[in-house]
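One structure below.
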Amino acid sequence: MTGAPASAVAARRWLERIRALPLNERVRVMNVCGGHERSISMAGLRGVLPPQIELIPGPGCPVCVCPEEDVYAAIRLAARREVILVAFGDMLRVPANLPKNEPRSLEQARAAGGDVRPIASPQEAAKIARANPDRDVVFFAAGFETTTAPVAALVAEGLPDNLSILLSGRLTWPAVAMLLDSEEAGFDALIAPGHVSTVMGPEEWRFVPERHGIPSAVAGFETDSLLAALHSVLTQHLEGRAVLDNSYETVARPGGNPTARRLIAETLDVVDATWRGIGVIPKSGFALKPRFAAFDAVRRFDLDLAEARKRAGQMPPGCDCARVVLGKIYPNQCVLFGKACTPRTPIGPCMVSDEGACRIWWSSGIRQAESHDRAAAG
């Protein structure tokens with residue numbers, strides 16, 4: 001019989017160190033990344049950590065914050081007979097606020113006859129465009145920095161003339177900055193996303209300890225890396241200091257990925273952007289640079305995204321995804337969780353995506369809603 005993997009041994013050691021810490025009061029630790037939340041929930045970490053540690057899922061789901069207006073625009077484009085609409089798989093099920101007699105998602109638009117195709121990479125969008133030279137292909141590109149970097153590479157390589165992009169890319173850190181600049185941030189320490197740090201560089205998160213005095217650590221997705229980062233921020237908290245630690249240094253290196261950052265800078269501008277249910281966050285989105293305007297789907301098809309609609313930009317009625325994304329409530333504290341809203345019948349985007357906290361909690365076995373806010377419970 002072979003021994004336990006080294007990562008499992010390391011995880012147990014970090015857990016023992018965390019349990020040995022003299023925690024006499026509640027410490028609220030936010031994780032930004034949907035992948036982190038999935039690792040935490042699937043490993044059952046909340047059930048084995050000391051009760052004083054509160055792990056809060058944060059704004060780490062790009063599907064969840066993709067503007068409802070962009071989803072609506074994609075549905076409208078999918079209804080055009082000359083258009084092939086391609087998007088990453090999770091986006092097909094995200095609901096828009098539309099009448100029941102109209103397609104309310106890209107999945108329903110496909111069922112109504114639209115040519116909607118899920119893809120796994122930006123290169124697939126270009127391949128489909130080249131294979132269909134007599135059709136317009138629109139790539140609905142939603143995602144954070146790790147997804148936007150390959151989109152930037154696609155643009156830099158040169159797009160087929162019949163391919164345009166409906167870009168809904170977002171930067172991660174401005175959402176955390178917005179929370180910290182608010183009256184009540186709602187957390188005492190931060191676990192920063194390893195994959196974003198791999199692209200953009202860990203130093204992008206220095207503002208959290210330096211400007212706000214909040215302990216922070218970059219973590220990978222394995223349990224040992226997450227627990228190492230958690231031990232770091234808890235130790236900082238106990239010692240009354242705040243720095244940015246890197247528990248993912250073999251992958252997330254200073255400066256990030258120079259090629260990815262260069263391609264983003266060459267093809268995209270950073271702009272103010274809307275986050276669904278939250279509003280406009282300054283300098284939190286990506287837009288194609290003016291010289292690539294011919295490949296902007298909004299301009300190519302002359303879409304009016306300001307068209308008057310009663311609930312434009314909002315979550316569906318009764319859906320509390322926005323407060324889940326901001327860490328104000330836990331997923332099962334939404335009144336729709338596990339009732340009207342399930343992975344089979346998602347009401348809000350947090351139950352659609354594999355990176356959405358609601359979907360993750362459901363998949364980890366939490367199926368019933370609670371009725372109290374996290375803040376009130378504390």
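The values are calculated or read from the model by the stated rules, or taken from the named source; none is laboratory data. It should be emphasised that the depicted structure is a prediction, and the values quoted were computed from it without experimental measurement. When we count neighbours, we look across all protein chains shown, and the Cβ atoms used for this are built from the backbone with ideal geometry, even at glycine. Remember, those area values only see protein heavy atoms, side chains included, never the ligands or the DNA or RNA. Shrake-Rupley method; radii C 1.70, N 1.55, O 1.52, S 1.80 Å.
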Revision key, fill the gap. Scanning segment 66-109 for residues that are out of contact with any Lys or Arg (no Cβ under 7 Å at 6 or more places or on another chain) and in a loop (DSSP other than H, G, I, E, B) gives A79, R80, R81, V94, P99, K100, N101, E102, P103, R104
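Could you tell me whether E239 is among the charged types (D, E, K, R), modelled with pLDDT of 95 or more, under 23 Å from L21 (Cα atoms) and open to solvent by 10 Å² or more (accessible area, probe 1.4 Å)? Please lay out each step first, then the result.
Details: among the charged types (D, E, K, R): yes; modelled with pLDDT of 95 or more: yes; under 23 Å from L21 (Cα atoms): yes; open to solvent by 10 Å² or more (accessible area, probe 1.4 Å): yes.
So E239 passes the test.
Looking at V94, is it touching a strand residue (DSSP E or B) at 6+ places or on another chain (Cβ under 6 Å) and open to solvent by less than 70 Å² (accessible area, probe 1.4 Å)?
Values: touching a strand residue (DSSP E or B) at 6+ places or on another chain (Cβ under 6 Å): no; open to solvent by less than 70 Å² (accessible area, probe 1.4 Å): yes.
No; evaluated as a whole, the condition is false for this residue.
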Review point. Taking segment 21-35 as the region of interest, how many residues are in contact with a strand residue (DSSP E or B) (Cβ under 6 Å, 6 or more places away or on another chain) and at pLDDT below 95?
Key: 2
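Applying the selection to segment 5-27, what residues are farther than 16 Å from D224 by Cβ and buried (at least 19 other Cβ atoms within 10 Å of the Cβ)? It would help to see each step written out before you state the result.
So in segment 5-27, the residues farther than 16 Å from D224 by Cβ come out as 20-27.
Matches in segment 5-27: V27 only.
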Exercise for review: Determine, yes or no, whether F221 is open to solvent by less than 50 Å² (accessible area, probe 1.4 Å) and on the phi < 0 side of the Ramachandran plot.
Suggested key: no
Check your understanding: Are there any pairs with C-beta distances below 8 angstrom linking a residue in segment 225-249 that is closer than 17 Å to P51 by Cβ and in a loop (DSSP other than H, G, I, E, B) to a residue that is charged (D, E, K, R) and open to solvent by less than 60 Å² (accessible area, probe 1.4 Å), with the two at least 6 apart or on different chains, and if so which?
Key -> none
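Consider segment 48-62. How many of its residues are modelled with pLDDT of 95 or more and farther than 14 Å from L190 by Cβ? Quick ask: steps written out before the conclusion?
Applying the first criterion (modelled with pLDDT of 95 or more) to segment 48-62 yields 48-57.
Filter once more, keeping what is farther than 14 Å from L190 by Cβ: 48-52.
The number of residues fulfilling the criteria is 5.
Looking at P282, P209, P254, which is the one that is within 23 Å of the chain's Cα centre (by Cα), exposed (fewer than 14 other Cβ atoms within 10 Å of the Cβ) and not in a strand (DSSP E or B)?
Values: P282 fails: not in a strand (DSSP E or B); P209 fails: exposed (fewer than 14 other Cβ atoms within 10 Å of the Cβ).
Matching residue, one of P282, P209, P254: P254.
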Study note, to complete from the structure: The one condition V270 fails out of (1) in contact with a helix residue (DSSP H, G or I) (Cβ under 8 Å, 6 or more places away or on another chain); (2) at pLDDT 90 or above; (3) open to solvent by 40 Å² or more (accessible area, probe 1.4 Å) is (1)
Exercise for review: Can you give me the number of residues within segment 321-340 that are closer than 22 Å to A96 by Cα, open to solvent by less than 30 Å² (accessible area, probe 1.4 Å) and among the β-branched types (V, I, T)?
Suggested key: 2
Practice item. Check segment 108-129 and report whether any residue there is buried (at least 24 other Cβ atoms within 10 Å of the Cβ), of a type in the set (V, I, T) and modelled with pLDDT of 95 or more. Key: yes
Check your understanding: Quick check: anything in segment 359-375 buried (at least 24 other Cβ atoms within 10 Å of the Cβ) and at pLDDT 90 or above?
Key -> yes
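Taking E25 as the residue in question, decide whether it is over 30 Å from T274 (Cα atoms) and either basic (K, R) or part of a loop (DSSP other than H, G, I, E, B) (or both). Before the answer, list the steps.
Numbers: over 30 Å from T274 (Cα atoms): yes; either basic (K, R) or part of a loop (DSSP other than H, G, I, E, B) (or both): yes.
Spelling it out, E25 is indeed over 30 Å from T274 (Cα atoms) and either basic (K, R) or part of a loop (DSSP other than H, G, I, E, B) (or both).
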Exercise for review: Run S182 past the list (1) surrounded by 22 or more Cβ atoms within 10 Å (Cβ to Cβ); (2) of a type outside the set (D, E, K, R); (3) at pLDDT below 95 and report the number of the one that doesn't hold.
Suggested key: (1)
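Give me the residue from segment 131-149 that is of a type outside the set (A, V, I, L, M), more than 24 Å from A260 (Cβ to Cβ) and not in a strand (DSSP E or B) and, out of that set, most open to solvent (accessible area, probe 1.4 Å).
Within segment 131-149, the subset of a type outside the set (A, V, I, L, M) is 132-136, 139-140, 143-148.
Retained after the next criterion (residues that are more than 24 Å from A260 (Cβ to Cβ)): 132-136.
Filter again for not in a strand (DSSP E or B), leaving 132-135.
Values: N132: 33, P133: 100, D134: 130, R135: 55 Å².
That would be D134.
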Point to revise | Residue count, segment 1-55 (criterion: within 24 Å of the chain's Cα centre (by Cα) and among the basic types (K, R)) | key: 3
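Among the listed residues A153, A192, identify the single one that is open to solvent by less than 10 Å² (accessible area, probe 1.4 Å) and touching a residue at least 40 places away in the same chain (Cβ under 8 Å).
Working: A153 fails: open to solvent by less than 10 Å² (accessible area, probe 1.4 Å).
The unique qualifying residue is A192.
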Review point. Quick check, is F187 free of Cβ contacts under 8 Å to residues at least 40 places away in the same chain and either open to solvent by less than 30 Å² (accessible area, probe 1.4 Å) or of a type outside the set (D, E, K, R) (or both)?
Key: no
